[in-house]
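The structure appears below as structure tokens.
The values are calculated or read from the model by the stated rules, or taken from the named source; none is laboratory data. Just so you know, these numbers come straight off a predicted model, no measurement behind them. Here the Cβ is made from the backbone with ideal geometry for all residues, glycine too, and neighbour counts use every protein chain on show.
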Amino acid sequence: MTPDTKNIPTAYAEGCVRGRHVDPDRTAAYVAHTMIGDPLADAMIAELEPLGQDEAARLIELGMHDRAGDALRDAPASVRDFFAHCAEPPTWLDRSSFQPGCRMFHRNTRLILAGMVAGVLVEGFSTNIAKSFFLTGRLRDQGVRRLKQNNRHMLEIFMPGGMDTHADGWTHSVRIRLVHAKIRQLLGRSGEWDAGELGTPISAAHLGFAIAAFSARLLQHLHRLGASFSEEERRSFMAVWRYSGYLMGIPETILYRSEEDALEVFRIGGLCEPPPSAESIALAASLINSAPLFAGLDDRNERRKLAGYIAQLSRALIGVQLADELMFPASSTFGVLWKFRALNRVERMLRKLNPRRAAETANLTTILEVSMFDEGGTSYRLPDHVYAEQSSQW
């Protein structure tokens, strides 16, 4: 099917022409999904709104941990339907395949963090995904917290057993789905979102693109950064992210089926998206400059030096053209990845020779330090204002 450029968001008209020369069917699917949200989650959010923030959070928490299946018997129908759907595993799910991917994640955690911050998150912000983040101010106003929440989600889904129903990886994935639905509602009524130009806020297309980036595209970056993994671990890593994407509400019509499929979603999505916007440039800069803060650096010169290095590493990963479009500082990429891999090999060798050093630089410790763990436990409150600086904490 060739997409009709008259019936798609105007921001995708030129990209649609580019994409259909490469793969008209995938292009049609991608642009169609820019107008799709998450009907099940959206209906639940709409029905919860009159109940108030506290009651909504109470019902969400009940559903998240309703192992017996009867805690929501008095809840609104949309809440029962939503959690019943989430608890019903898809026919293709095979949790026994997750273990190799978990091992791979914890063996390469620091490289995964580098690949996420310098690679796929920057590439994600080069698309119109940046529009919703910029309008809400979530990364601009609370960048460190946002990055730590992102890391917490990754950590939980790659913990052994984390993707069992009602386990922490499962609940974090479902929570993200509800947060997206709430932000979609807030943006839709804010008066600042032009659906005719941009489509649906936090659309199924953008979520399908993002999960393809977090999985298959990240594997490409990990290979270039020097990570080690087998084919079994590679397939398992993809399987964990696929199930997390399913729980996050990505429809199977755009949720990848394999690594190759994910790379095509990423490639065609990139063609369909317009060039990086001013919002993309601002958020990519915010991301790079937030990274030293969430790594715990207090000294201004040290933060500036690390941010400069991350930008240089990012330029080597995402390519010179995109880095220039995002207005990254000009720098040579010659030898950048080689040096990174060499330093990583030296670090691995030193850890083998010095058990104390290995304990001090353990991958699990690294991600625990840069993940968001709220003292009161996971909050099931949702944002209550479109602008992050005016919303209560959630």
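Every listed requirement among (1) small (Gly, Ala, Ser); (2) at pLDDT 95 or above; (3) surrounded by fewer than 17 Cβ atoms within 10 Å (Cβ to Cβ) is met by Ala29 save one, (3).
With respect to Ala195, is the statement that it is touching a residue at least 40 places away in the same chain (Cβ under 8 Å) and surrounded by 23 or more Cβ atoms within 10 Å (Cβ to Cβ) true? Judged against the criteria, Ala195 is not a match.
Looking across segment 259-276, the residues that are in contact with a helix residue (DSSP H, G or I) (Cβ under 7 Å, 6 or more places away or on another chain) and not acidic (Asp, Glu) come down to Ala262, Leu263, Val265, Phe266, Ile268, Gly269, Leu271, Cys272, Pro274, Pro275, Pro276.
When segment 310-330 is filtered for residues that are surrounded by fewer than 16 Cβ atoms within 10 Å (Cβ to Cβ) and at negative phi, the ones remaining, listed by number, are Val320, Gln321, Asp324, Pro329, Ala330. Under the condition of being more than 14 Å from the chain's Cα centre (by Cα), outside any helix (DSSP H, G or I) and either of a type outside the set (A, V, I, L, M) or under 28 Å from Glu88 (Cβ atoms) (or both), the residues counted in segment 204-254 number 8. Report yes if some residue within segment 117-127 is outside any helix (DSSP H, G or I) and either among the small types (Gly, Ala, Ser) or under 30 Å from Glu14 (Cβ atoms) (or both); otherwise report no. Checked against the condition, which is being outside any helix (DSSP H, G or I) and either among the small types (Gly, Ala, Ser) or under 30 Å from Glu14 (Cβ atoms) (or both), segment 117-127 yields at least one hit.
Per-residue answers, yes or no, for (1) within 18 Å of Leu113 (Cβ to Cβ); (2) modelled with pLDDT of 95 or more; (3) within 25 Å of the chain's Cα centre (by Cα):
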{"site": "Gln312", "(1), (2), (3)": "yes, yes, yes"}
{"site": "Gln321", "(1), (2), (3)": "no, yes, yes"}
{"site": "Phe328", "(1), (2), (3)": "no, yes, yes"}
{"site": "Val336", "(1), (2), (3)": "yes, yes, no"}
{"site": "Ala342", "(1), (2), (3)": "no, no, no"}
{"site": "Val346", "(1), (2), (3)": "no, no, no"}
{"site": "Met349", "(1), (2), (3)": "no, no, no"}
{"site": "Lys352", "(1), (2), (3)": "no, no, no"}
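Candidates in segment 32-75 are the residues that are assigned to a loop (DSSP other than H, G, I, E, B) and charged (D, E, K, R); of these, the one that is modelled with the highest pLDDT is Asp38.
Restricting attention to segment 331-349 and to residues that are among the aromatic types (Phe, Trp, Tyr) and surrounded by 11 or more Cβ atoms within 10 Å (Cβ to Cβ), the residue that is farthest from Ala307 (Cα to Cα) turns out to be Trp338.
Among the residues of segment 256-289, those that are crowded, with 23+ Cβ neighbours inside 10 Å and over 19 Å from Gln321 (Cβ atoms) comprise Tyr256, Ala262, Val265.
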